[in-house]
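Notes follow once the structure below has been shown.
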Amino acid sequence: MENGLSRTSLGEFLRTRRERLTPEDVGLASYGRRRIPGLRREEVAQLAHIGTSWYTSMEQGRSVNPSEEVLNNIARALRLTEDERQHLHLLARPVQQDREADQHIPAGIERMIQALGPHPAFVLGRYWDVLLWNQSAELVFRLPSCADAVPERINWIRYLLTGLGSSIEGWGTGAKVLIAQFRADYARFPDDARFKQLIEEFMQNSQLFREIWPLHEVQAVADHYKQRYDPRIGEMEFEHVTLQPPGNPDLKVMIYTASTETSERLQRVLDTM
C-alpha cells in the first residue's frame, strides 16, 4: 500500500462490519452484557480461523499482507455481501490504478445517448461528474440545457445532496445506496486528490453525507425500478440500468428506460421544448 490511508479504511470497514453482528447471528453463545456492540475481535478471529493478534493488527491499520484465503474466511465470518467481500479484497490488497481519469466519451455512446429520445440518459465520469446528457434527462432531472455551455461540470453526488435529492420521495434510502456506490468507487483510488476534495466538501456541506459516510456501506452499481413525480409530467416509471464500457470502466452510462405511458408523456413535453 502506498500509505496508511488504505490500511485505515480497511480497519474502519472491518470494525463497522464486526459491530453490526451479534454472537447469536453467527451461532456463538453470548454471556452477560457487552460494553460495546457487536462481536469481539477474538470471536471474529475464531470464526475466521486466524490468530486474534493478527486480526487485531488488521483492524488497527498495521501493515499486514493477508492471503486471498484469509480474506475470504474473514468475509464469511463477518457475513459480508458479495459487494462487501470484493471491497474487503480491494482495501486489503489494492491494485495500482491509472491516475489519469479518461473523460473521453466514445462517439458511439454519445450517439446512443442522444438517440434514446424520451428515455433519460447521461454519462458519469470517474468522480461522478455529469459529462453528457440528453434532453429527456434535462427535463426529468432538471439539468441545464444540454445545448448550453455549462461553466462548471455538475457533480452528480453534489447535485443530489444539495439540490435535486430533496425533491425525491424516499431520498434518504436512495442517498444511502448512492453513497455506498460512491465509496466502492473511491476504494479503487484511495490516494486520489480529487476524491479526497469531494469527500471533504460533502462532509462539510451535507448532514446526510456526514451521517452515512462513516458507516462504510458499499454497494456495486445495480439495476433498479424507479418512480418519480413531476408536476409538469405527472407520475413517471423507469427501469434504471448502468452500463460501463469495457474499454473505459471509469465511465458510467446511466439509462432510465421509461414505461410506455411515461415515455408518451415525456415526448409530449419534449415536443414543446
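The values are calculated or read from the model by the stated rules, or taken from the named source; none is laboratory data. Keep in mind that what you see is a predicted model, and the values were worked out from it rather than measured. Reconstructed Cβ throughout: ideal geometry from the backbone, glycine too, with neighbour counts over all protein chains shown. Ligands, DNA and RNA are stripped out before the accessible areas are found, and what is left, the full protein with its side chains, is counted by its heavy atoms. Shrake-Rupley method; radii C 1.70, N 1.55, O 1.52, S 1.80 Å.
If I model a spin label as a point 7 Å beyond the Cα along the Cα-Cβ vector, how far apart are those points for R35 and V241 in nm?
Roughly 5.4 nm, to one decimal.
Accessible area per residue of the chain at 1.4 Å probe, in Å²? Walk me through the intermediate numbers first.
Numbers: 14070 Å² over 273 residues.
Spelled out: the 1.4 Å probe surface of the chain, per residue, equals 52 Å².
Please give the FRET efficiency for T173 paired with T16, using the beta carbon to beta carbon distance and R0 = 25 Å, rounded to the nearest 0.05. Intermediate values should be presented prior to the final figure.
Numbers: r = 19 Å, r/R0 = 0.75.
With a Förster radius of 25 Å, E is 0.85.
Could you check how many percent of all C-alpha pairs in the stretch 183-243 are farther apart than 15 Å?
On the way: 1226 of 1830 pairs.
Result: 67 percent of Cα pairs exceed 15 Å.
Which length gain, in nm to one decimal place, applies between S63 and A222 when the Cα-Cα distance is subtracted from 0.36 nm times their residue separation?
Working: separation 159, 0.36 × 159 = 57.24 nm, distance 3.32 nm.
Length gained between S63 and A222: 53.9 nm.
Using the Karplus curve 6.51 cos²θ - 1.76 cosθ + 1.60 with θ = phi - 60°, what ³J(HN,Hα) values do you get for each residue of the stretch 114-122, in whole Hz, with x for Gly and Pro?
6, 7, 6, x, x, 8, x, 8, 7
Give the peptides 200-211, 171-182, 129-140 in descending order of average Cβ contacts within 10 Å, highest first. Kindly include the intermediate steps, with their values, before the conclusion.
Details: 200-211: 14.7, 171-182: 17.8, 129-140: 21.3.
Going by the mean number of other Cβ atoms within 10 Å, highest first, we get 129-140, 171-182, 200-211.
Can you list residues whose amide H is under 5 Å from D129's amide H, if they're 5+ apart or on another chain and H is modeled 1.01 Å from N?
Under 5 Å from the amide H of D129: W156.
In the stretch 159-235, what percent of the accessible surface is made up of carbon and sulfur (1.4 Å probe, ligands and nucleic acids excluded)?
Working: 1970 of 3950 Å².
The nonpolar share, carbon plus sulfur, comes to 50 percent.
Give the Cα extents of the chain along the principal axes, in whole Å, largest first.
The Cα atoms of the chain stretch 68, 40, 32 Å along the principal axes, largest first.
Work out from phi, with θ = phi - 60° and the Karplus expression 6.51 cos²θ - 1.76 cosθ + 1.60, the ³J(HN,Hα) of each residue of the stretch 123-128, listed in order in whole Hz, and give x for Gly and Pro.
Karplus-based 3J(HN,Hα) across the stretch 123-128 equals 10, 10, x, 3, 9, 6 Hz.
In debye, nearest 20, what is the charge dipole magnitude of the chain about its Cα centre with +1 on Lys and Arg Cβ and -1 on Asp and Glu Cβ, if you could check? Please report the intermediate quantities before stating the final value.
Details: 33 positive and 38 negative charges, 200 e Å.
With only Lys, Arg, Asp and Glu charged at Cβ, the dipole is about 960 debye.
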